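Here is the structure we will look at, set down as C-alpha cells.
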Amino acid sequence: MILVFLGAPGCGKGTIAKIFEEKLNFCHISTGDLIRNAISSNKELGEMLKQIISNGNLVSDEIVLKLLNEKLKDCSSNLILDGFPRNLLQAQKLDEMIKIDKVVYIDTPYDIIKERLVGRRTCENCGKVYNLDIYNSNTCSCGGKLVQREDDTPHIIEKRFKVYEKETMPLVQYYQNQGKLLKVESNSSSNDTFKNILNMLEVK
C-alpha cells in the first residue's frame, strides 16, 4: 500500500508516519528529512537549502523530485510519503512516478499547530523531536542538545501557513477528484489518530 500523508506543517503527519513505520513496517519517506540530510551532507546545495527554509519558503520542485527519486529506489511497497507532494505540479509528477493508493488528509486546527511548533525542539544528535509542554528539559535522552528549528519561530510559522494555504491546500480537491482522499481530524493524541487512520484504511 502506497500512502501520502497530507496536512499543514506541524499537524503531526511525521509522528503518525513513524508509528506506521514502527508498528506496520512501512517505509517512511519524509521530504523534510531528505532536505535536512542534503543540508548536512552537501555543502553547496546545503547552504542554499538552509537559506530557503529559514525564510519559510518551499524548496524547488526540481530539487525535491531529484531527492525523492533517489530515495524511492529503496522503497517500493508499504510506503508513506510525508510532506510530498506540496503543490499540484509535484502531485502530477508523482502520478507519473508511482501509483498512490490513498491520500490521508490530517486536518488539525491552526491554533493547535502553532502551539505545537513554537514548543517543538529537536535533538542535534539523533534528530528526536520533543515538545516543551510535555518534556521539560534541554537535553535529549541520548544526551544531545535540544534546539529550536529556524522555521519554528512565530513569524516564520505564519509565513509557512500562508504558503501552505496557497500551494498545498489545492491538493485536497485534486485527490478528492481522484477518489483517493481520506480526511481524519487530529485534535487528540498521535496514537488515537493512528488508530482512526487504520480504521479508515480498513487495515487490521
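The values are calculated or read from the model by the stated rules, or taken from the named source; none is laboratory data. These numbers were taken from a predicted model, which means no experiment stands behind them. A quick note on method: Cβ atoms are made from the backbone with ideal geometry, for glycine too, and the neighbour counts reach across all protein chains shown.
A few points about this structure:
- Selected residue (only one of Ile134, Ile100, Ile106, Ile157 is hydrophobic (A, V, I, L, M, F, W, C) and surrounded by fewer than 19 Cβ atoms within 10 Å (Cβ to Cβ)): Ile134
- Within segment 85-96, considering residues that are under 24 Å from Arg36 (Cβ atoms) and in contact with a helix residue (DSSP H, G or I) (Cβ under 7 Å, 6 or more places away or on another chain), the one modelled with the lowest pLDDT: Arg86
- Applying the criterion of being more than 13 Å from Ser186 (Cα to Cα) and aromatic (Phe, Trp, Tyr) to the residues of segment 1-26, the residue that is surrounded by the fewest Cβ atoms within 10 Å (Cβ to Cβ) is Phe26.
- Among the candidates Asn131, Asn125, residue that is at pLDDT below 90 and over 18 Å from the mean Cα position of the chain (by Cα): Asn125
- Residues of segment 77-107 satisfying the condition of being closer than 16 Å to Ile29 by Cβ and of a type in the set (S, T, N, Q): Ser77, Asn78, Gln90
- Residue selected from segment 171-204 under the condition farther than 11 Å from Leu6 by Cβ, touching a helix residue (DSSP H, G or I) at 6+ places or on another chain (Cβ under 9 Å) and at pLDDT 90 or above, by the criterion surrounded by the fewest Cβ atoms within 10 Å (Cβ to Cβ): Gln178
- Cβ-Cβ under 9 Å pairs, at least 6 apart or on other chains, segment 166-192 side touching a residue at least 60 places away in the same chain (Cβ under 8 Å) and part of a helix (DSSP H, G or I), far side surrounded by 12 or more Cβ atoms within 10 Å (Cβ to Cβ) and of a type in the set (Phe, Trp, Tyr): Leu171/Tyr105; Val172/Tyr105; Tyr175/Tyr105
- Restricting attention to segment 49-60, the residues being farther than 18 Å from Lys162 by Cα and surrounded by fewer than 16 Cβ atoms within 10 Å (Cβ to Cβ) number 1.
- Scoring Asp82 on the criteria (1) of a type in the set (Asp, Glu); (2) in contact with an Asp or Glu (Cβ under 9 Å, 6 or more places away or on another chain); (3) modelled with pLDDT under 85 leaves a single failure, condition (3).
- Filtered residues of segment 133-165 (kept if over 30 Å from Asp95 (Cβ atoms) and either touching a residue at least 40 places away in the same chain (Cβ under 8 Å) or in a helix (DSSP H, G or I) (or both)): Glu150, Asp152, Pro154, His155, Ile156, Ile157, Glu158
- Residue list for segment 1-51, restricted to those being in contact with a helix residue (DSSP H, G or I) (Cβ under 8 Å, 6 or more places away or on another chain), in contact (Cβ under 8 Å) with a residue 24 or more places away in the chain and β-branched (Val, Ile, Thr): Val4, Thr15, Ile16, Ile19, Ile29, Thr31, Ile35
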